[in-house]
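Written below as structure tokens is the structure these notes are about.
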Amino acid sequence: MSRPAVNSDTDFDVSKPLKGTAGWFDDRFGGARGVRTYLLRKVYPDHWSFLLGEIALYSFIILLLTGTFLSFFFIPSTTEVIYHGSYVKLDGIKMSEAYQSTLRISFDVRGGLLIRQIHHWAADLFVAALTIHMLRVFFTGAYRKPREVNWLIGITLFALALIEGLFGYSLPDDQLSGAGLRIFEGVLQGIPIVGTYLAFFLFGGPFPGHDIVPRMYIIHVLLIPGILLALITAHIFIMFWQKHTQMPAKGNTERNVTGQPSYPYFVAKTSAWFMFIFGALALLATFAQINPIWLYGPYTPVAISSASQPDFYMGILEGSLRVMPAWEWNFLGHTVTFSVLIPFALPLGIILGGAAFWPFFERWATGDKAYHHVNDRPRNAPVRTGVGIAAVVFYGVLWAEGANDVLADFLHIPLYTVTWIARVLTIVGPILAYIITKRICLGLQRKDREDLLHGYESGIIRQLPDGEFIEVHQPVNEERRAVLEAKKVPALLPGPGSEDPNGVPPPSSRGVLGKARAVANRAFAETIPVEADGHGNGHGPEGAGEEHAAVGSAGTPAQLPSGDSSDEDSGSS
Amino acid sequence: MSDMEETAGAEGAGVPAAPHRVIGTPPPSPRLLGSAPVAQEGSETALALVSDQEEFQEHIDGLPPDDPQVIVHGKRAERVVVACFLLTFIAGCGFVAAYVGLGVHTVDKTLRSNLALGLSMSVMFLALGLGALLWVRHLMPNVEVTQQRHDLRSDEKERQATEAYFKEGTANSQFVKRPLVRRTLMLGTLPLLAAPVVLLRDLGPQPGTSLRHTVWSPGRRLLVQGTNQPLTPAQFSAPGSMITIVPDGYEDDQNALTKAAVILIKFRPGELHIPTRHAGSTLVGTMNWTVDNIVAYSKICTHVGCPVALYEQTTHHILCPCHQSTFEATTGATVIFGPAARPLPQLPLTVDSSGYLVAKSDFTEPVGPSFWERG
């Protein structure tokens, strides 16, 4: 950036940046231009929601750092030992080396407890950040062309993170996680045809055996992190190559990207963000105890504590298992246990599979094959937003049902009632959520149209000479105007009503698929048009801020064009 | 600090006069502090390549750097940033001191060490982050850059040229022309693909019938879990109680206990109404599997294998704490709620010559979660 090249009172000479090391590298690799345009000057749009993915990235880095530390002390073995360590309450108890070494990390390694707790908190934050980041990308339509591949990579990352987390918290071989592992094994057994074999091969024989901890360990510290690292690298590289999306704003177009350059602004800000995340995790690890395995005791298959909860990201699977009725079939002499299979596969299948499928479905339904670099505001895509909220409600109900015993206890209602409510809400909740969200989106679009055409309510009440009170409307400013006008509506594809004079529908809307497409297309294209009622823009800001509407019942909408009075949302009282 | 931003924003050059703003929208460019760099002419930006100028349009909001307001603000911001970095240094020293000075090896000491290390580490990171953030926001000029996007799609000529070259290369490779080479190549690599799967075979033994059996056998004594002592019916005479039982000889064998753990419940006379059960292909009455109104059920839930650890005396309900499958104890542990699809298997009981409770046989059906081969 332009700044005084040499400052006389500085100990940091920047007069010839390429003189030393950087020049040495440029002599050998070239790349001054690439470094300048792709790294130093790369533009980072500024929006709070763009920080969510960074939280996930930095949690992952913190997981790698703290995980490496933990691996110096953890022993992934179920060899039985008698404990004689610092935690005297467990003195003389038989336990696995895995559990013993976790106790050692917690009580005999300086900083061990802190790092262990940072690691666990970071894992929870990682999945939470991934979730919210995915929601942001979904609701703003940032997955659209050309970013579908990165969206799919993101979904893969999320699925891997769940397995990584499950295996991670199962490693200490404590009572709580052992019970979770037993459930995992029970679910595996339920898979038709191959389930029993899968379980026996993974566990090296019947549960629990002695192979699962070392196997989970190598999967947890090498295999999945390796894949995660590769996919994250690809994810970020693709984002770099395609450049960021940006929110609708003045000057933001599909042909540009506006923000602050990487060096020094983004570099400094994102470093600060990393420090904040690390600091926040350290604070949590200091003051908020997590996974106190010494209280749970070593694993034994005959015991369990009530109100056992997995980590939050497993809550949906736990809740799905709890909400499910007891359905089991005998299929030609074989057991097909839907009460396990459906909870295992369906909810996450619907959410993750649906998310993966969605960009292609939307493209098919809207016929939209254009590039999209400017994001949608969620209200301007009511179907997408409605489906997204429906998925959130579906997830949320099952997640809450994962703690149905805690809820029943807390709310003083019978346990079975909670489960029945969840059973109903699992089906009804998403449908209601879709309908309500869509209505809210359209309502917000009406509000936007009002702001655009008639200005916003300034809160200034003025009394006219004849005694009538009016509220003064102000035209929206340029920035706001650009945001409001950025709305894009999918085109109407040929469908019902577009038959030719002989009553023959267009080829694209024939057949079951064609009709389904026409229906979906009409849903996507539903919108509150800004100019359809003949206002044009002439009414807007050029009205010099004198656009107003009557307040109170005495007023009549006489100042508004008559076209408006038939409109359900006219007026602004 | 925010009030300063507000005033600066109101005076800001180039900000359109917008007396009121729509609620919920960001204030018009509030950041003018730290402000603009030196004049463009003769500076290094002027040396930037033309291609850069086409791609990047840079605009800087702000008062001139020699504006008194900017100078005062910059000095104050600098002091705060410096204070943050000094605090980072102090906290970092504190972290090292806490590591060296505070030992662990007891619960109290560990908690003290955790508090000192964690607190100093938190302050270290948070102060460093805060310093960096304030530095950007209050000392660096407010630069905004608009970068042009390029078409992601290659132009048609490039695509055609690539396609043409690929076709030519394929032709040169003779891959299409010589089907025998092509097909034997594919055939040859098939086993190679299967090899990794084959290699996984020794991960574990085949299940065989192992899920159908437990270590219970005729005459094997029931031991009370924890004390590992055998039990006579007279010792277990209080109706309404439930205890966990492990098989004699396998008290600590986790693999065995995963299937063989049992709960023992004592009823009042007349409470039990156990129906018939499948034993192999025949139906048998199982009331004679009980001894003195004591009945033994598998402790392993038929849903996904959690131990069914809760027993409600008054209602005779056995509850699995994992997923709330509920079993009616008086009628053979039949399912009355929840996702479990089958009753808990019942272990046939009798007493041996010494009067201790023993198993009459193994379970007559597989215990635990469902599996495909269960039938």
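Extension gain A:LEU432-A:ASP211, at 0.36 nm per residue separation less the Cα-Cα distance, in nm?
Using 0.36 nm per residue and subtracting the Cα-Cα distance, I get 74.8 nm.
Below 13 angstrom from the Cβ of A:LYS243, what's the summed charge of the other residues (Lys, Arg +1; Asp, Glu -1)?
+2
Sort A:138-147, B:220-229 by the packing proxy (mean of other Cβ within 10 Å over each peptide's residues), most packed first.
A:138-147, B:220-229
Place +1 on the Cβ of every Lys and Arg and -1 on the Cβ of every Asp and Glu in the protein assembly as shown, take the dipole about the Cα centre, and give the residue among B:THR227, A:ALA390, A:LEU321 whose Cα lies farthest towards its positive end.
B:THR227
Using mean Cβ contacts within 10 Å as the protection proxy, how do B:185-195, A:219-229 order, highest first?
A:219-229, B:185-195
Quick check on the exposure proxy: order B:SER154, A:SER262 from fewest to most C-beta atoms within 10 angstrom.
Working: B:SER154 11, A:SER262 19.
Ordered from fewest to most neighbouring Cβ atoms within 10 Å, B:SER154, A:SER262 come out as B:SER154, A:SER262.
Give me the inter-chain shielding for B:136-144: mean count of other chain Cβ atoms within 10 Å, whole number please.
Counting other chains' Cβ atoms within 10 Å and averaging over B:136-144 gives 5.
Run the quick spin-label model on A:VAL489 and A:ILE440: label points 7 Å from Cα toward the beta carbon, then report their separation in nm to one decimal.
Placing both labels 7 Å along Cα→Cβ, they lie 2.3 nm apart.
With each pseudo-label sitting 7 Å past Cα toward Cβ, what's the B:LYS157-A:ASN330 distance in nm, one decimal?
Rounded to a tenth, the inter-label distance reads 7.5 nm.
How big is the Rg/Rh ratio for region A:303-398, C-alpha atoms only, Rh by Kirkwood, two decimals? Could the numbers behind the result be given before it?
Numbers: Rg = 18.4 Å, Rh = 16.4 Å.
Result for region A:303-398 is an Rg/Rh of 1.12.
Within 10 Å of each Cβ of A:178-190, how many other protein chain Cβ atoms are there on average?
5
Identify, among A:VAL476, A:ILE163, B:THR331, the residue whose Cα sits farthest towards the positive end of the charge dipole of the protein assembly as shown, taking +1 on the Cβ of Lys and Arg and -1 on the Cβ of Asp and Glu, with the dipole about the Cα centre.
Farthest towards the positive pole: B:THR331.
Filter A:LYS145/A:LYS488; A:LYS250/B:LYS157; A:LYS369/A:LYS488; A:LYS89/B:LYS109 down to the pairs with a C-alpha to C-alpha distance above 24 Å, please.
Over 24 Å Cα-Cα: A:LYS250/B:LYS157.
With Cβ to Cβ distances under 12 Å as the rule, what net charge do the other residues near A:PHE524 carry (K, R +1; D, E -1)?
Summing Lys and Arg as +1 and Asp and Glu as -1 gives +2.
Report the charge-dipole magnitude of chain A in Debye, nearest 20, computed about the Cα centre from +1 at each Lys and Arg Cβ and -1 at each Asp and Glu Cβ.
Roughly 1580 debye, rounded to the nearest 20.
Quick one: order A:THR426, A:THR196 by neighbouring beta-carbon count within 10 Å, fewest to most. Please list the in-between numbers first.
Working: A:THR426 19, A:THR196 22.
The most exposed by this proxy come first: A:THR426, A:THR196.
Using θ = phi - 60° and the Karplus relation 6.51 cos²θ - 1.76 cosθ + 1.60, list the HN-Hα couplings for region B:358-375 in order, rounded to whole Hz, with x at every Gly or Pro.
Those phi angles translate into 9, 7, 7, 6, 6, 4, 8, 9, x, 8, x, x, 5, 8, 3, 7, 5, x Hz.
Do you know the relative contact order of chain A, to the nearest whole percent, from alpha carbon pairs under 8 angstrom that are 6+ apart?
14
Using 0.36 nm per residue, how much length does the chain from A:SER71 to A:ILE238 gain when fully extended, once their Cα-Cα distance is taken away?
57.0 nm
Only helical DSSP H runs with n ≥ 4 go in: add -39500 (n - 2.57) per run for chain A, normalise by residue count and round the 222 nm mean residue ellipticity to 500 deg cm²/dmol. Please report the intermediate quantities before stating the final value.
Details: 20 runs with 295 residues, N = 573.
Dividing the helical sum by the residues of chain A leaves -17000 deg cm²/dmol.
Please average, across the residues of A:37-45, the number of beta carbons from any other chain that are within 10 Å of each residue's own beta carbon, and give a whole number.
Going residue by residue through A:37-45 and averaging, the value is 3.
Counting only other residues whose beta carbon sits under 14 Å from that of A:LEU114, what net charge do I get with K and R as +1, D and E as -1?
Summing Lys and Arg as +1 and Asp and Glu as -1 gives +3.
Length gain on complete extension for the stretch A:PHE25 to A:TYR416, per 0.36 nm per residue less the alpha carbon to alpha carbon distance?
Result for the pair: 133.9 nm of gain on full extension.
Only counting other Cβ atoms within 10 Å, I'd like A:ASP451, A:ASP26, B:ASP362, B:ASP151 sorted with the fewest neighbours first. Present the calculation step by step, with values, prior to reporting the outcome.
Working: A:ASP451 22, A:ASP26 13, B:ASP362 19, B:ASP151 8.
Sorted ascending by nearby Cβ count, the order is B:ASP151, A:ASP26, B:ASP362, A:ASP451.
Throughout, read-outs are computed from the coordinates displayed, never taken from laboratory work. Since we're looking at a predicted model, the values are computed, not measured. Don't worry about glycine lacking a Cβ; one is built from the backbone with ideal geometry, like all the others, and counts go over all protein chains shown.
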